[in-house]
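Just below is one structure, and these are the notes that go with it.
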Amino acid sequence: MDNNFYENERALESGQSMDTMGRHTAKTFGLMALGLLVTFAVAFFFSGTYTGAYLLYSAATTIPALHLVLLVAQLVVVIAMTAGLEKMSPTTATVCFFVYSALTGLTFTVYFIIFELTSLILVFAATALYFGGMAVFGYFTKRDLLGMRSILLSGLIFLIVGNLLMLFIPSLQVADRVMCSLGVILFLVYTAYDTQKLQHLYQSFAGDEVMLKKVSVFMALELYLDFVNLFLYLLRLFGKKKN
């Protein structure tokens, strides 16, 4: 029997409350859903209310290159969470996650301005359906998806480079749709991969309740990014812009 079994037994004997894998997974996806709620609430506030629009306009006129500032802030939060996961407390990690979600909501404001609200809702529903299906697959499949790490990383690099190149060459609708389709496929697979990775990390840190809480926040962030990127690529493919 592996060491995780004995660690769980010792934790139970000492009175510690141990989440089952199912509860741990549910909490992680619940945290991810709260992050998405924060993102879309912030985006709606700054794009759909007078107060929010005024605040955003004031910030844009006061802070040069506000979009770049937001991008840098998002990168700083993600790097801090990734690099300092072991040192920071679960509460700090959770706060960082919601800060990142709110910053993403600010950058999402432009999509609420450009696209019709009905279209955003329909694409969100489609994203939730596809994401949920792949998450269920990742949770129950017996196939080892973690071995796909290098392939997925290569695909992500290819996608990033491809999108950067398209910024400097004449826009081709066919090429854009191909890149978006590849992005949808990539993040669907990433969803299943990260769901299985969540199970693997649970088994690796079973018995360490504090580390499991931090792992839950970190994986909520990864699954959140899977959902957001899947949503953006589907929006580029099927979203309807305002006239």
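The values are calculated or read from the model by the stated rules, or taken from the named source; none is laboratory data. Model, not experiment: these values are computed from the prediction. As a convention, Cβ positions derive from the backbone with ideal geometry for all residues, glycine included, and neighbour counts pool all protein chains shown. Only protein heavy atoms, including side chains, enter the accessible area calculation; ligands, DNA and RNA are left aside. Shrake-Rupley method; radii C 1.70, N 1.55, O 1.52, S 1.80 Å.
Looking only at the range 160-186, which residues are in contact (Cβ under 8 Å) with a residue 12 or more places away in the chain and of a type in the set (A, V, I, L, M)? Spell out how you get there, then give the answer.
Within the range 160-186, the first condition is being in contact (Cβ under 8 Å) with a residue 12 or more places away in the chain, and the residues that meet it are 162-163, 166, 176-177, 179-184, 186.
Residues satisfying the conditions are Met166, Met179, Leu182, Val184, Leu186.
Which residues, counting only those in the range 162-199, are in a helix (DSSP H, G or I) and open to solvent by 70 Å² or more (accessible area, probe 1.4 Å)? Once the filter is applied, which keeps residues that are in a helix (DSSP H, G or I) and open to solvent by 70 Å² or more (accessible area, probe 1.4 Å), the range 162-199 yields Leu164, Leu165, Gln173, Val174, Arg177, Val178, Leu182, Ile185.
Filter the range 53-62 down to residues that are closer than 29 Å to Ala93 by Cβ and free of Cβ contacts under 8 Å to residues at least 24 places away in the same chain and give me whichever is most open to solvent (accessible area, probe 1.4 Å). It would help to see each step written out before you state the result.
Let us first name the residues in the range 53-62 that are closer than 29 Å to Ala93 by Cβ, namely 55-56, 59.
Next, from what is left, pick out any that are free of Cβ contacts under 8 Å to residues at least 24 places away in the same chain: 55, 59.
Values: Leu55: 85, Ala59: 30 Å².
Looking at the filtered set, the residue picked out is Leu55.
The residues of the range 120-132 that are out of contact with any helix residue (DSSP H, G or I) (no Cβ under 7 Å at 6 or more places or on another chain), modelled with pLDDT of 95 or more and either outside any helix (DSSP H, G or I) or farther than 14 Å from Leu223 by Cβ (or both), listed by number, are Leu122, Ala125, Leu129.
Only one of the listed residues (Ala11, Ala43) is modelled with pLDDT of 75 or more and surrounded by 12 or more Cβ atoms within 10 Å (Cβ to Cβ). That residue is Ala43. Considering the range 200-225, the residues that are part of a helix (DSSP H, G or I) and open to solvent by less than 10 Å² (accessible area, probe 1.4 Å) include one that is farthest from Leu31 (Cα to Cα), namely Val215.
Is it true that Met148 is part of a helix (DSSP H, G or I), crowded, with 19+ Cβ neighbours inside 10 Å and on the phi < 0 side of the Ramachandran plot? Taking the combined requirement at face value, the residue does not satisfy it.
Can you pull out the residues in the range 205-243 that are charged (D, E, K, R) and either closer than 14 Å to Thr195 by Cβ or touching a helix residue (DSSP H, G or I) at 6+ places or on another chain (Cβ under 6 Å) (or both)?
Lys213, Lys214, Glu222, Asp226, Arg236, Lys240, Lys241
Looking at the range 188-243 only, could you name the residues that are among the aromatic types (Phe, Trp, Tyr) and farther than 19 Å from Ser89 by Cβ? Of everything in the range 188-243, those that are among the aromatic types (Phe, Trp, Tyr) and farther than 19 Å from Ser89 by Cβ turn out to be Tyr190, Tyr193, Tyr202, Tyr224, Phe227, Phe231, Tyr233, Phe238.
Kindly evaluate Leu106 against the criterion of being open to solvent by 30 Å² or more (accessible area, probe 1.4 Å), in contact with a helix residue (DSSP H, G or I) (Cβ under 7 Å, 6 or more places away or on another chain) and touching a residue at least 40 places away in the same chain (Cβ under 8 Å). So that I can check it myself, show each step before the final result.
Working: open to solvent by 30 Å² or more (accessible area, probe 1.4 Å): yes; in contact with a helix residue (DSSP H, G or I) (Cβ under 7 Å, 6 or more places away or on another chain): yes; touching a residue at least 40 places away in the same chain (Cβ under 8 Å): yes.
The answer is yes for Leu106.
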